[in-house]
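Worksheet: the structure to be examined is printed underneath.
The values are calculated or read from the model by the stated rules, or taken from the named source; none is laboratory data. Note that the coordinates shown come from a computational prediction; the quantities given were computed from them, not determined experimentally. Every residue, glycine among them, receives a Cβ derived from its backbone with ideal geometry; neighbour counts consider all protein chains shown.
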């Protein structure tokens, strides 16, 4: 699923490329949550991830907290 940006047609095969705003807003919502809560994913930031493994753990902790699977500060 992609939005209607024309550049996608250059590298995605037509038979698997579906254009739909209805399917992309959910992904963009998750991207927004990640950028809001994890400084390392924001643009123009001095905080960045040197380790892919630490980025993975940061995202997992955030998702577990948001899904109430983890009580962080009780």
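Of the conditions (1) surrounded by 11 or more Cβ atoms within 10 Å (Cβ to Cβ); (2) farther than 24 Å from residue 70 by Cβ, residue 14 fails just one. Which one is it?
The one condition residue 14 does not meet is (1).
Within the stretch 49-62, does at least one residue satisfy the condition of being surrounded by 11 or more Cβ atoms within 10 Å (Cβ to Cβ) and over 19 Å from the mean Cα position of the chain (by Cα)?
no
This table checks each residue for (1) in a helix (DSSP H, G or I); (2) at pLDDT below 85.
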{"position": "4", "(1), (2)": "no, yes"}
{"position": "9", "(1), (2)": "yes, yes"}
{"position": "15", "(1), (2)": "no, no"}
{"position": "28", "(1), (2)": "yes, yes"}
{"position": "33", "(1), (2)": "yes, no"}
{"position": "48", "(1), (2)": "no, yes"}
{"position": "61", "(1), (2)": "yes, no"}
{"position": "73", "(1), (2)": "no, yes"}
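Return the residues of the stretch 35-46 that are assigned to a helix (DSSP H, G or I), over 11 Å from the mean Cα position of the chain (by Cα) and either closer than 25 Å to residue 4 by Cα or modelled with pLDDT under 85 (or both); say none if nothing qualifies.
39, 40
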